[in-house]
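Below is one structure, written out as structure tokens; the observations come after it.
The values are calculated or read from the model by the stated rules, or taken from the named source; none is laboratory data. Please read these numbers as outputs of a predicted model, since none were measured by experiment. Counting neighbours? That spans all protein chains shown, and the Cβs are built from the backbone with ideal geometry, glycine included.
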Amino acid sequence: MGTTGEAARQQLLKLAAEGVVEATTAPKGVGRPAQTWRLATMAIACFPDAHANLTADLIRTIRTTLGQPALDLLITAREAETRKCYERKLQGLTSIEDRIARLAEIRSEEGYMAEWQRTDDGRGWLLLENHCPICVAAAACQEFCRAELNVFRDVLGSDVTVQREEHILVGARRCAYRIQRAQNERADGSGGIQRNDRRSQACKWAGGAKRMRTLSFVPSSSEAM
């Protein structure tokens with residue numbers, strides 16, 4: 001390679017200090033133990049990585065082989081795990097701003113380059129995500145985005161509403177979420193209503209359906225005769 005053993009060792013020590021390589025030692029008969037060098041975990045990103053494409057392929061395979069219900073079940077399970085993790089990390093935070101700030105920290109730790117700020121009118125907050133580390137998977141299955149929005153609404157609490165206003169998957173440069181203090185009922189960005197309101201509405205619909213079934217079995221006066 002046109003270099004000396006000592007020069008190579010110095011270069012390896014420099015790379016080890018940067019966290020790119022790491023060494024292991026093993027006895028080798030008489031004399032100094034032999035050193036074996038290998039790439040550290042962080043160096044893997046310097047080489048081609050097909051994980052994103054593999055994930056997208058697996059999503060498509062699950063959908064075509066096992067069906068959409070199976071994929072929905074997996075996403076629901078991931079949503080539940082994420083919600084539980086976030087709730088644990090936000091536990092004890094009573095201030096809305098503290099919750100938003102901590103959520104932004106969590107999302108940044110996961111690679112979303114998140115930040116938050118007050119809205120210009122001072123009536124709410126914006127949670128901004130400047131990068132999407134699961135963009136390939138989300139493009140193959142947008143239920144991931146739906147699940148994330150559900151998690152945000154749940155962990156930030158029933159005293160706020162959360163709407164997605166910008167979305168990377170539809171061409172925006174970032175994902176942006178508007179957070180405001182909750183009122184009696186508020187629509188989300190896609191025409192739905194907040195998660196807690198949806199549950200309440202579902203109970204009302206179920207009650208109405210039950211009453212309709214009861215009425216359908218009451219015989220008319222002519223049938224009674």
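Given the options E87, E110, name the one that is under 28 Å from H51 (Cα atoms) and assigned by TED's automatic domain parsing to the domain that holds Q68.
Details: E87 fails: under 28 Å from H51 (Cα atoms).
Going through E87, E110 in turn, the sole match is E110.
Within the stretch 89-104, does at least one residue satisfy the condition of being within 20 Å of E166 (Cβ to Cβ), small (G, A, S), free of Cβ contacts under 8 Å to residues at least 12 places away in the same chain and surrounded by 13 or more Cβ atoms within 10 Å (Cβ to Cβ)?
No, every residue in the stretch 89-104 fails to be within 20 Å of E166 (Cβ to Cβ), small (G, A, S), free of Cβ contacts under 8 Å to residues at least 12 places away in the same chain and surrounded by 13 or more Cβ atoms within 10 Å (Cβ to Cβ).
Is it the case, given these coordinates, that A80 is over 28 Å from V160 (Cα atoms) and surrounded by 12 or more Cβ atoms within 10 Å (Cβ to Cβ)? Walk me through it before giving the result.
Values: over 28 Å from V160 (Cα atoms): no; surrounded by 12 or more Cβ atoms within 10 Å (Cβ to Cβ): yes.
The answer is no for A80.
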